[in-house]
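Visitor: Below is the structure I would like to discuss, written out as structure tokens.
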Amino acid sequence: MSTQVLPARENQPTYRGRFAPSPTGPLHFGSLVAALGSWLRARAEGGRWLVRIEDIDPPRERAGASQQILHTLHAFGLVADEAPVYQSARHALYREALQRLIDSGAAFHCTCTRSDLAPSGLHRGSCKRTGGRGAWRLRVPDCQWQFQDAVVGRYQQESSSVGDFVIWRADDLPAYQLAVVVDDDLQGISEVVRGGDLLDSTPRQIFLQQKLQLATPDYLHLPLALDRDGHKLSKSTASLPIDAEDPLPALRAALRFLGQPDPPAHPRIAPLLDAAVAAFDLSAIPQLAAMPPALATG
Ligand code: GLU
């Protein structure tokens with residue numbers, strides 16, 4: 001009797017990537033770079049690409065921004081393989097993770113005020129006051145953190161530059177660092193591809209994964225798009241919103257920004273993206289922050 005050897009995990013790609021915008025405004029060139037970079041990498045790896053709307057910070061959100069972002073992604077041909085996940089619907093999961101950190105003694109309640117922590121703003125060691133409404137922080141020992149990034153290479157950070165960081169805010173909302181770690185795990189993300197502005201958050205996230213006994217995904221931080229004054233483009237200041245009605249020029253500019261070969265002049269999105277996936281070159285992604293080509297030439 002012959003034995004048939006089945007290919008391992010057929011139809012179950014192990015690569016799972018994601019784009020995780022906060023709905024603080026319309027997509028701008030910088031977030032398009034993050035969306036496109038994560039999508040390209042997932043497609044080039046034969047994996048899946050997910051979208052997670054990080055709407056856990058109502059004071060910073062803009063009404064209608066989530067729908068607008070999803071519409072723009074669609075217009076750019078960046079369509080997720082699964083229904084988008086909304087963090088606002090997942091507070092119970094973050095609370096459960098917080099409780100685990102409290103139970104294990106990794107987290108502590110802290111009512112220190114901003115002025116208690118001045119001038120550094122960092123919390124290190126014991127609290128300056130007790131009682132009252134406060135935040136939950138993670139206890140961070142003094143050490144050096146490091147991890148390997150697929151574009152940046154080895155990244156090191158002294159934990160003392162971060163201190164005991166907040167994982168649950170005093171206004172009773174989960175902090176970004178906690179929510180992102182819980183969701184990257186629950187969504188089975190194998191590699192986090194995102195903007196270089198989050199490079200210095202990554203050691204905290206890896207530390208949190210260890211405290212929660214979760215697997216650590218791979219990380220790839222893309223170059224950061226800056227404005228003329230050298231500031232990061234941000235959705236909340238509505239820098240350079242991109243035009244969902246005319247996606248091709250921005251798509252080409254984003255590919256160029258990511259160091260990718262110029263795809264042949266296709267008048268349509270789908271073949272342009274197919275060509276970009278076929279030609280995807282991880283080693284061509286530049287490491288440094290830069291001005292988007294649209295701005296540099298404008
Ligand atoms: N929500 C974050 C942002 O829009 C990104 C978080 C992440 O990719 O980990 O900047």
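The values are calculated or read from the model by the stated rules, or taken from the named source; none is laboratory data. Given the structure is predicted, the values throughout are model-derived calculations rather than measurements. Neighbour counts are summed over all protein chains in view; Cβ atoms, including those assigned to glycine, are modelled from backbone coordinates with ideal geometry. Side chains are part of the model used for accessible areas, which takes the heavy atoms of the whole protein and leaves out ligands, DNA and RNA. Shrake-Rupley method; radii C 1.70, N 1.55, O 1.52, S 1.80 Å.
Visitor: Under 1.5 on a/c is rounded, so check that first for the chain, then, if it is not, pick prolate when a/b is larger than b/c and oblate when it is not; a ≥ b ≥ c are the square roots of the alpha carbon gyration tensor eigenvalues.
Guide: Numbers: a/c = 1.85, a/b = 1.42, b/c = 1.31.
Note, shape of the chain comes out prolate.
Visitor: Take the alpha carbon gyration tensor of region 76-158, find the square roots of its eigenvalues, order them as a ≥ b ≥ c, and report rounded if a/c is under 1.5; if not, report prolate when a/b exceeds b/c, else oblate.
Guide: Numbers: a/c = 2.19, a/b = 1.37, b/c = 1.60.
Cα axes put region 76-158 in the oblate bin.
Visitor: Give me the number: length gained by fully extending I269 to H71, i.e. 0.36 nm times residue separation minus the C-alpha to C-alpha distance, one decimal in nm. Intermediate values should be presented prior to the final figure.
Guide: Details: separation 198, 0.36 × 198 = 71.28 nm, distance 1.48 nm.
Full extension of this stretch gives 69.8 nm more.
Visitor: Name the shape class, rounded, prolate or oblate, that the alpha-carbon gyration tensor gives for region 6-101, where a ≥ b ≥ c are the square roots of its eigenvalues, rounded holds for a/c under 1.5, and otherwise prolate holds if a/b is larger than b/c and oblate otherwise.
Guide: On the way: a/c = 2.49, a/b = 1.20, b/c = 2.08.
Oblate is the answer for region 6-101, as a/c is 1.5 or above yet b/c matches or exceeds a/b.
Visitor: Need one number: convex hull volume per residue for region 196-285, Cα atoms only, in Å³.
Guide: On the way: hull volume 13.8 nm³, N = 90.
Taking the convex hull of the Cα positions in region 196-285, it is 153 Å³ per residue.
Visitor: Further, regarding this structure: Can you compute the FRET efficiency between I102 and Q287 using 1/(1 + (r/R0)^6), with r the Cβ-Cβ distance and R0 = 45 Å? Round to the nearest 0.05.
Guide: Computed FRET efficiency for I102 and Q287 comes out at 0.70.
Visitor: Still on this structure, I have one more. Could you do me a favour and compute the accessible area per residue for the chain, 1.4 Å probe, result in Å²? Each step should come with its number before you reach the end.
Guide: Values: 14450 Å² over 298 residues.
It amounts to 48 Å² per residue over the chain.
Visitor: A further question on this structure: Under the 0.36 nm per residue contour assumption, what length would be gained going from the current alpha-carbon distance of D262 and S160 to full extension?
Guide: Details: separation 102, 0.36 × 102 = 36.72 nm, distance 4.31 nm.
Gain on extension, D262 to S160, equals 32.4 nm.
Visitor: Would you mind telling me the share, in percent, of accessible area of region 22-110 contributed by carbon and sulfur at probe 1.4 angstrom? Mind dumping the intermediate values first?
Guide: On the way: 1800 of 3530 Å².
Carbon and sulfur together cover 51 percent of it.
Visitor: Within region 170-192, which residues have the backbone N less than 19 Å from the label spot 7 Å out from H109 along Cα→beta-carbon, could you tell me?
Guide: 170-175
Visitor: To the nearest 20 debye, what charge dipole does the chain have about its Cα centre, counting +1 at the Cβ of each Lys and Arg and -1 at the Cβ of each Asp and Glu?
Guide: On the way: 30 positive and 32 negative charges, 126 e Å.
Once rounded to the nearest 20, the dipole reads 600 debye.
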